[in-house]
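*Asks:* My structure is below; once you've seen it, I'll send some questions.
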Protein chains: 2
Amino acid sequence: MYTQEELSAMIQKGIDTIEYPSLAPKLYDPVIYTLETGGKRLRPMLVLMAANLYTEELEQAIDPALGLEMYHNFTLLHDDVMDKAPDRRGRATVHVKWNDSVAILSGDAMQALAYQLIGKTPDHAFRPVMDLFTTTNIEIGEGQQLDMEFETRNDVTIPEYIEMIRLKTSVLVGCALKMGALIAGAPAEEAQVLYDFGTNIGLAFQLQDDWLDCWGDPKTFGKRIGGDILCNKKTFLRITAEKNAPMPQTDGMSEEEKIETVKAYYIQSGAEKACKEAIAHYHQLGMEALKKLPFDDEKLIHLKAFAAKLENRKI
Amino acid sequence: MYTQEELSAMIQKGIDTIEYPSLAPKLYDPVIYTLETGGKRLRPMLVLMAANLYTEELEQAIDPALGLEMYHNFTLLHDDVMDKAPDRRGRATVHVKWNDSVAILSGDAMQALAYQLIGKTPDHAFRPVMDLFTTTNIEIGEGQQLDMEFETRNDVTIPEYIEMIRLKTSVLVGCALKMGALIAGAPAEEAQVLYDFGTNIGLAFQLQDDWLDCWGDPKTFGKRIGGDILCNKKTFLRITAEKNAPMPQTDGMSEEEKIETVKAYYIQSGAEKACKEAIAHYHQLGMEALKKLPFDDEKLIHLKAFAAKLENRKI
């Protein structure tokens, strides 16, 4: 079994050696720029971790793993155009460094390149992997659509919110694990168990992001604490709180006052507690899925560490 | 063998009955709007025409044919955002009727839906069809990139221009025919001959578009005569003329004067003649490819009519 460091090195080497077609090289400058800004490489890591449960031969899983990283970065690139976001991971976004047209076209190329990389899946898993990826691709677009619609709706329910984050974020985590398992020749039921583990952990991860926006450590969270509150984002906390008690008046308050007032409201209304319970719930569902796999704790060490890292983010 | 009308009806019925996922129905409103504006449905027709050379069972070719129509409309939708085009086929473009974000996201969804439809290719042709489509998808992005780069370059050569229109337009024509043939179980070499026919006819078609911009019939051309001249587009005519003689001074002229002056320049410089010769050359290459197929004229009637329609556009 490979260590996390070894898997990470395989991915970095893979990214550094992606071969871009050379007929219109400038098309790929924003693609290379986007990929070299780093990020956690979470999705390709999950592909390799799942594959490594079944085989030591990870070579055939690397291109598909890179394809998911390419795909994820395509969604971020186009999201940034739609949100008019000025920066990402500390660097200017593509539409700022170049322009909107370049960002649209290079993003489209990244979706195509993702299919090219995932399309290197070996024959025995080709059809199920392509079907899984396309289904996931469509679901993620639907999640983004719902997220945009929720901005102008005042009646979003918790089940609707959970469904939105499931589509926008969690299905890709599940897809990564299932894809790795399928490429490594896992039985279909076990690949599905890994998918369920991934989507549940993905939901817990996203809900914790809502929680950390209020109570995270500014040093490790990476985003401004209270950002969701200031832009009136409909998070799990906000939707739950408003169901229980009216939102306090914050007009005329300073930003810091508004953040403190709303955080207190989230605690008093029970939303903070409900959020922690929901995180624990989906985390638990994920861990239960994992128990269905015919592997001991040692074999599952990376996946458990991945789930545990989530828990540690709270501190 | 089916008639053109029967094939056309199959495609229309297929478009009318595409099943869109229902989790975020509004995501598909711009998709349906784009597809219902019509167009010639040229690419799906070519898929079915090629398949029909080998089988009367066209059922399994219909979804992949619709996938190419979906894909083509995705490229038009995103091109219109990049070009800030106000209308397409007589209706407001998606980014005007909705907004840029909706156009970007629904276009992305159309690329994903194209993969879903083409992903219904039967097992025997699945891998070659997916590989062909992804390669074509990447080439078209490269063609669009080169087209954008050419706008700010003054040293574009004819071979570069031909390569750009090959990537931007012709490869999809070839892809449609080869895809239909592969799905219908054609031998690989014959599928490739159809691809070569398609790309050459596609090049002739695009070069004729340059010619028709100057000398087409305004009633049938569908675009304003002289449009390329007024926006100083680097067409085959312009590049060839400038190689042979300096462009006349047109500052201060009315639009009509400029169009007439440049048209005269294209004729005097020999560019008009060279353009007609290039059209005939690629048309001829296409017809020669067709001769390599083991079919008589009657069997090839639709493909020959398709190539001939091109010739008739001149009149």
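*Asks:* Are there chymotrypsin sites (Phe, Trp or Tyr not before Pro) in segment B:1-100 that DSSP puts in a loop and that have at most 10 other Cβ atoms within 10 Å, and which ones?
*Replies:* none
*Asks:* Grab the DSSP H runs of chain A that are 4 residues or longer, score each as -39,500 (n - 2.57), total them, divide by all residues and round the 222 nm result to the nearest 500 deg cm²/dmol.
*Replies:* Values: 16 runs with 221 residues, N = 315.
Per the formula, -22500 deg cm²/dmol.
*Asks:* Give me the distance in nm between label points sitting 7 Å out from Cα along the Cα-to-Cβ direction at A:Asp131 and B:Glu163, one decimal.
*Replies:* For A:Asp131 paired with B:Glu163, the spin-label model returns 4.1 nm.
*Asks:* Please report, as a whole percent, how much of the solvent-accessible surface of chain B comes from carbon and sulfur atoms (probe radius 1.4 Å).
*Replies:* Whole-percent figure for carbon plus sulfur exposure: 52.
*Asks:* Moving on. Under the rule of at least 5 residues apart or a separate chain, name every residue whose amide H is placed under 5 Å from the amide H of B:Arg88.
*Replies:* B:Thr93
*Asks:* Shortest first, in nm, what separates the label point of A:Ile32 from those of the same position in the other copies (7 Å along Cα→Cβ)?
*Replies:* Here A:Ile32 shows inter-copy label distances of 4.4 nm.
*Asks:* How large is Rg over Rh for the protein assembly as shown, taking Rg from the Cα atoms and Rh as the Kirkwood inverse mean of 1/r across Cα pairs?
*Replies:* On the Cα set of the protein assembly as shown, Rg over Rh gives 1.01.
*Asks:* Can I ask one more? Can you list the lysines whose alpha carbon is less than 18 Å from that of B:Lys292, not counting same-chain residues fewer than 8 positions off?
*Replies:* B:Lys178, B:Lys304
*Asks:* Considering Cα pairs under 8 angstrom that are at least six residues apart, work out the relative contact order of segment B:1-106 and quote it in whole percent.
*Replies:* Worked out over segment B:1-106, it gives 31 percent.
*Asks:* Computed FRET efficiency, Cβ-Cβ of A:Glu242 and A:Lys26, R0 45 Å: what is it to the nearest 0.05?
*Replies:* 0.40
*Asks:* With solvent modelled as a 1.4 Å probe, how much accessible area in total do chains B and A shield from it at their shared surface, in Å² to the nearest 100?
*Replies:* Heavy-atom accessible area buried at this interface is about 3500 Å².
*Asks:* Working only with C-alpha atoms, what are the Rg and Dmax values of segment A:130-221, expressed in angstrom?
*Replies:* In Å, with Rg to one decimal and Dmax whole: 15.1, 46.
*Asks:* Shifting gears a bit: Taking each residue of A:132-138 in turn, how many C-beta atoms of other protein chains fall within 10 Å of its C-beta, and what is the average?
*Replies:* 5
*Asks:* Based on the inverse mean of 1/r over its pairs of different Cα atoms, what is the Kirkwood hydrodynamic radius of segment A:1-48, in Å?
*Replies:* Taking every pair of different Cα atoms in segment A:1-48, averaging 1/r and inverting gives 12.0 Å.
*Asks:* Kindly provide the trypsin sites (Lys or Arg not before Pro) of segment B:6-76 that DSSP labels as loop, not H, G, I, E or B, and whose Cβ sees at most 13 other Cβ atoms within 10 Å.
*Replies:* For trypsin sites (Lys or Arg not before Pro) across segment B:6-76 that sit outside H, G, I, E and B with at most 13 neighbouring Cβ atoms in 10 Å, the list reads B:Lys40.
*Asks:* Would you work out which of B:Gly222, B:Pro246, B:Met287 lies farthest towards the positive end of the dipole of segment B:193-315? Charges go on Cβ: Lys and Arg +1, Asp and Glu -1.
*Replies:* Comparing the listed Cα positions along the dipole, B:Met287 ranks first.
*Asks:* Excluding the sites themselves, what is the longest stretch of chain A that contains no GluC sites (Glu not before Pro) in a DSSP loop with at most 15 other C-beta atoms within 10 Å?
*Replies:* Details: sites that count: A:Glu19, A:Glu56, A:Glu57, A:Glu151, A:Glu298.
Free of exposed loop sites, the longest segment is A:152-297.
*Asks:* Rank A:Ser106, A:Thr136, A:Ala85 by how far each Cα sits towards the positive end of the charge dipole of segment A:70-149 (+1 on Lys, Arg Cβ; -1 on Asp, Glu Cβ) and give me just the farthest.
*Replies:* A:Ser106
*Asks:* How far is B:Glu19 from the same spot in each other copy, in nm, shortest first, if each label point sits 7 Å from Cα toward Cβ?
*Replies:* Nearest to farthest, the other copies are at 4.0 nm.
*Asks:* Between A:Ala308 and B:Ala85, with labels modelled 7 Å along Cα→Cβ, what's the label distance in nm to one decimal, could you check?
*Replies:* It is 5.6 nm.
*Asks:* Across all directions of projection, what mean area in square nanometres is found for the Cα convex hull of segment A:89-184?
*Replies:* Computed as one quarter of the Cα hull surface, the answer is 8.2 nm².
*Asks:* Taking the Cβ of B:Gly252 as the center, what net charge do the other residues with Cβ under 15 Å away carry, scoring Lys and Arg +1 and Asp and Glu -1?
*Replies:* Summing Lys and Arg as +1 and Asp and Glu as -1 gives -4.
*Asks:* A further question on this structure: Using the beta-carbon distance between B:Thr55 and B:Glu189 and R0 = 22 Å, what value does 1/(1 + (r/R0)^6) give for FRET efficiency, to the nearest 0.05?
*Replies:* 0.80
*Asks:* Determine the gain in length on full extension of the stretch B:Asp296-B:Cys231; use 0.36 nm per residue of separation and subtract their C-alpha separation, reporting nm with one decimal.
*Replies:* 18.9 nm
*Asks:* In addition: May I ask you to find the residues of segment A:99-118 that are shielded by at least 20 Å² of accessible area once the whole protein assembly is considered instead of their isolated chain (probe 1.4 Å)?
*Replies:* So the qualifying set is A:Ser101, A:Ile104, A:Leu105, A:Asp108, A:Gln111, A:Ala112, A:Tyr115, A:Gln116.
*Asks:* What list of ³J(HN,Hα) couplings, whole Hz, do you get for segment B:252-263 from phi and the Karplus terms 6.51, -1.76, 1.60, once you set θ to phi - 60° and write x for glycine and proline?
*Replies:* Listing the rounded values in order: x, 6, 6, 4, 5, 4, 4, 4, 5, 4, 5, 4 Hz.
*Asks:* Using the 7 Å Cα-to-Cβ label point, sort the distances from B:His124 to its equivalents in the other copies shortest first and give them in nm to one decimal.
*Replies:* Its label point is 2.5 nm from the equivalent points in the other copies.
*Asks:* Okay, next question. Hey, what do the phi angles of segment B:105-116 turn into as Karplus ³J(HN,Hα) couplings, whole Hz, using 6.51/-1.76/1.60 and θ = phi - 60°, x for Gly and Pro?
*Replies:* Calculated HN-Hα couplings, in order: 5, 6, x, 4, 5, 5, 5, 5, 5, 4, 5, 5 Hz.
*Asks:* Pairs of Cα atoms under 8 Å, at least six residues apart: use those to get the relative contact order of chain A, whole percent. Kindly include the intermediate steps, with their values, before the conclusion.
*Replies:* Working: 393 pairs, mean separation 53.9, N = 315.
17 percent.
*Asks:* Ok, one more. Rg and Dmax of segment B:2-101, using alpha carbons, in Å: what are they?
*Replies:* 14.9, 44
*Asks:* Are there trypsin sites (Lys or Arg not before Pro) in segment A:202-234 that DSSP puts in a loop and that have at most 15 other Cβ atoms within 10 Å, and which ones?
*Replies:* When the trypsin sites (Lys or Arg not before Pro) of segment A:202-234 are filtered for loop state and at most 15 Cβ neighbours within 10 Å, A:Lys223, A:Arg224, A:Lys233 remain.
*Asks:* Dipole size in debye (nearest 20) for the protein assembly as shown around its Cα centre, Lys and Arg Cβ +1, Asp and Glu Cβ -1?
*Replies:* Dipole of the protein assembly as shown, to the nearest 20 debye: 500 debye.
*Asks:* When only Cα pairs under 8 Å and 6 or more residues apart are kept, what is the percent relative contact order across segment A:142-293?
*Replies:* Numbers: 176 pairs, mean separation 40.4, N = 152.
Relative contact order, segment A:142-293: 27 percent.
*Asks:* Using the basic label-point model (7 angstrom from Cα toward the beta carbon), what is the A:Trp215 to A:His124 distance in nanometres?
*Replies:* 4.7
The values are calculated or read from the model by the stated rules, or taken from the named source; none is laboratory data. Note that the coordinates shown come from a computational prediction; the quantities given were computed from them, not determined experimentally. Because the Cβ atoms are built from the backbone with ideal geometry, glycine has one as well, and the counts that use them run over all protein chains shown. Surface accessibility is based on the protein's heavy atoms, side chains included, excluding ligands, DNA and RNA. Shrake-Rupley method; radii C 1.70, N 1.55, O 1.52, S 1.80 Å.
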